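Data first, discussion second: the structure below is written as structure tokens.
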Amino acid sequence: MSTVELTGGCLCGAVRYRARTGSAHASVCHCRMCQRWNGAPFFTAFSVSADEIEWQGTPPVEWRSSDIAVRSHCGTCGTPLYWKGDRQPTCFDISLMTLDDPSVLTPVDQIWSTVAAHWPGVLPDLPAWPGDDREGEPFARGSD
Ligand SMILES: [Zn+2]
Ligand SMILES: [Zn+2]
């Protein structure tokens, strides 16, 4: 498999990363901890190893969310950045939606479907508008 380069960062731009990987497996987690952490119906992440990712700018803040894992976020804007389990401490599950171009990866599986929010499945049936007068687009993109 060819190597892809993935760049991304938090909403305010203080934390940036660049990953080079040949196997960016992406998954959805519906667990209640990821729901609450993201304030969203699920967390979507891609996996890279520590030697495949380079952190730039302000280091992410890590905190222990349970006795098996740590989570991290930007200390300025709070964007969730990664989950890291103690069993594989060199493997980062990076928030897919922090990519500069999230469309380059598609999740291939999902876990904790037993506690999934009931409403994402109705989204295709809801009225949809292309935008509104709120922010919409990160202002601090691509600051290499
Ligand atoms: Zn930030
Ligand atoms: Zn989860």
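Values quoted throughout were computed directly from the atomic coordinates according to the rules given, and no laboratory measurement underlies them. This is a predicted model, so every value here is computed, not measured. A quick note on method: Cβ atoms are made from the backbone with ideal geometry, for glycine too, and the neighbour counts reach across all protein chains shown.
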Semi-axes (Å, rounded, descending) of the ellipsoid equivalent to the range 4-125 per its C-alpha gyration tensor are 22, 17, 15
With 0.36 nm assigned to each residue of separation and the Cα-Cα distance removed, GLU5 to HIS118 gains 37.2 nm
Over the chain, the sum of -39500 (n - 2.57) across DSSP H runs of at least four, divided by residue number and rounded to 500 deg cm²/dmol, gives at 222 nm -1000 deg cm²/dmol
Summed over the other residues with a beta carbon less than 15 angstrom from that of ALA45, with K and R at +1 and D and E at -1, the charge totals -1
Label model pair ALA50, THR106: point-to-point distance (7 angstrom along the Cα→beta-carbon line) in nm is 3.4 nm
Note: the range 4-49 at 10 °C, 1.306 mPa s; Kirkwood Rh on alpha carbon pairs; Stokes-Einstein D in µm²/s works out to 132 µm²/s
Counting sequence-distant residues (5 or more places) and residues on other chains, those with an amide H built under 5 Å from that of ILE111 are VAL28, CYS29, HIS30
Trypsin sites (Lys or Arg not before Pro) in the range 67-122 lying in a DSSP loop, each with at most 16 other Cβ atoms within 10 Å of its Cβ, come to ARG87
For the range 40-144 the GluC sites (Glu not before Pro) that pass both the DSSP coil test and the at-most-16 other-Cβ-within-10 Å test are GLU135
With Rg from the Cα atoms and Rh as the Kirkwood inverse mean 1/r over Cα pairs, the range 60-144 has an Rg/Rh of 1.01
Highest mean packing first, using Cβ neighbours within 10 angstrom, the peptides 26-35, 109-118, 6-15 sort as 6-15, 26-35, 109-118
